[in-house]
Amino acid sequence: MKTIILNQPGEFQLISREIDDKLADNEALIKIHKIGICGTDYHAYRGKQPFFSYPRVLGHELGAEVIALGKAVDTSELSIGDKVSVEPYLNCGKCQACLNNKQNCCENIKVMGVHTDGGMTEYVKIPAHKLHRSKILGYEQLALVETLGIGAHAVQRASVRQNDIVLVIGAGPIGLSVIQFAKLHGAKIVVMDFNVQRLDFAKELFDTDVSVLAKEGFTADDLKATLNGVLPTVVFDATGNPQSMMKSFSYLAFGGKLVFVGLFQGDVTFFDPDFHRKEMTLFASRNSLPADFKMIIKNMEEGNIQTQAWLTHEAAFEELPDVFESWLDPSSRVIKAMVTV
């Protein structure tokens, strides 16, 4: 089977290797049809992804087809030929987090394409319960579910309500997924980015309420003036940029919630007296839960989530090593790139 390996930062290699089709009782063999390219993949290519080692097969946003099933898999839940989205978080099921239904932050988690090889290949073995099927959606849509899950989980963490003023910092794919679900909760949406085109895209796609261009020297007072004398009750930072993340504390209203969706390799610091004075709540958000996958697929099937506009770039599998670096160029205006296997 065809496989693309990232040998080291900046070096992809297209190889052929044997298919491992010997299934455990609870496993499924899937054929990968679509691969979404994520910020994690870009960071890995640049050598800036935490918790990462090389060589590695990337790919965790996957739309796939069930090819074979282990003998213990419930065929009323999953059948050969089903189109599925892949939940790429391989949790142990035994640690304290797993036993408390926090499989997304399992103490021993292995995320496909990060800690273990992912779906940038033709065939993959995976525990069958990590597959979420749809009889309506196509492979492209199913490959977007994982990205949407990151935003859905972050919004759930903050318990966003209809009367909230939500600031989303960073209008890339993860920020857009946060906007999608905060919008479904009826909140007022404020989007901040340094890129005018991304702000315009978010406005066009989600009819966001306020767009803020993140210029040098922009302050909380400037934001307050923009919002007619108030500040956001919930702030999501989806940038993974340390300066942005540390500055985001200042944008929050008294009694508000700050959610770090992006991450970076380093320490976050903040001025403790202001943190206490405002009685802020700080959340980390990591991955998503099985229920998020099911909820997203249901909403996509019912037409509550539109995805086509996200897909701005595409490539055939064999072309990926040659085109990948061009997607890193901001001038390419990539929102979501998709690879066809």
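Tell me, what HN-Hα J-couplings in whole Hz come from the Karplus equation 6.51 cos²θ - 1.76 cosθ + 1.60 at θ = phi - 60° for each residue of the range 133-148, using x for Gly and Pro?
Here the 3J(HN,Hα) series is 8, 9, 8, 10, 6, x, 4, 4, 5, 5, 6, 8, 4, 4, 4, 4 Hz.
If I compute solvent accessible area with a 1.4 Å probe over the protein chains, what percent of it on the range 121-228 is carbon and sulfur?
47
Quick one: what are the phi-derived ³J(HN,Hα) couplings along the range 177-193, Karplus 6.51/-1.76/1.60 with θ = phi - 60°, whole Hz, x for glycine and proline?
These are the phi-based 3J(HN,Hα) values: 5, 5, 4, 3, 8, 5, 5, 4, 7, x, 6, 6, 10, 10, 10, 10, 7 Hz.
Three principal axis extents, largest first, for the C-alpha atoms of the chain, in Å?
62, 41, 37
Going by average Cβ density within 10 Å per residue, which order do the peptides 304-316, 215-227, 283-295, 234-246 take, highest to lowest?
234-246, 283-295, 304-316, 215-227
Separation of the range 1-63 and the range 268-291 by C-alpha centroid, Å?
32
What Kirkwood Rh does the range 229-341 have if only Cα atoms enter the pairwise 1/r average? Answer in Å.
By the Kirkwood definition, the hydrodynamic radius is 17.4 Å.
Taking amide H positions as placed 1.01 Å from N in the peptide plane, with prolines and chain starts having none, which residues 5 or more places from Leu69, or on another chain, fall under 5 Å of its amide H?
Excluding prolines and chain starts, which carry no amide H, the hits are Leu29.
Straight-line reach from Lys130: which lysines have a Cα under 27 Å away, not including same-chain ones fewer than 8 places off?
Counting by Cα, and skipping residues close in sequence, Lys130 has these lysines nearby: Lys2, Lys22, Lys31, Lys34, Lys71, Lys83, Lys94, Lys102, Lys110, Lys294, Lys298, Lys336.
Enter the per residue convex hull volume of the range 60-144, computed from alpha-carbon coordinates, in Å³ rounded to the nearest integer.
Output value, Cα hull per residue: 108 Å³.
Output ³J(HN,Hα) for the range 270-278: one whole-Hz value per residue in order, computed from phi by the Karplus curve 6.51 cos²θ - 1.76 cosθ + 1.60 with θ = phi - 60°, and x for Gly and Pro.
8, 7, 4, x, 5, 4, 6, 4, 7
At a 1.4 Å probe, what is the % contribution of carbon and sulfur to the accessible area of the range 1-114?
The nonpolar share, carbon plus sulfur, comes to 47 percent.
Sorted by mean Cβ packing within 10 Å, highest first, what order do the peptides 321-328, 116-123 take?
Output ranking for 321-328, 116-123: 116-123, 321-328.
Helix-only estimate, please: 222 nm mean residue ellipticity of the chain, summing -39500 (n - 2.57) across DSSP H runs of length 4 or more and dividing by its residues, to the nearest 500.
Dividing the helical sum by the residues of the chain leaves -7000 deg cm²/dmol.
Rg to Rh for the range 132-201: what is it, with Cα atoms only and Rh by Kirkwood?
Reported Rg/Rh, Kirkwood definition of Rh: 1.02.
If you wrap a convex hull around the C-alpha atoms of the range 26-91 and split its volume per residue, what is the figure in Å³?
Output value, Cα hull per residue: 105 Å³.
If you roll a 1.4 Å probe over the heavy atoms of the protein chains, what accessible area per residue do you get for the chain, in Å²?
Accessible surface, normalised per residue, equals 46 Å².
The values are calculated or read from the model by the stated rules, or taken from the named source; none is laboratory data. Keep in mind the model is a prediction, meaning the values are calculated, not measured. All Cβ positions, glycine included, derive from the backbone under ideal geometry; neighbour counts span all protein chains shown. Areas reflect the complete protein model, heavy atoms only, side chains present, ligands, DNA and RNA absent. Shrake-Rupley method; radii C 1.70, N 1.55, O 1.52, S 1.80 Å.
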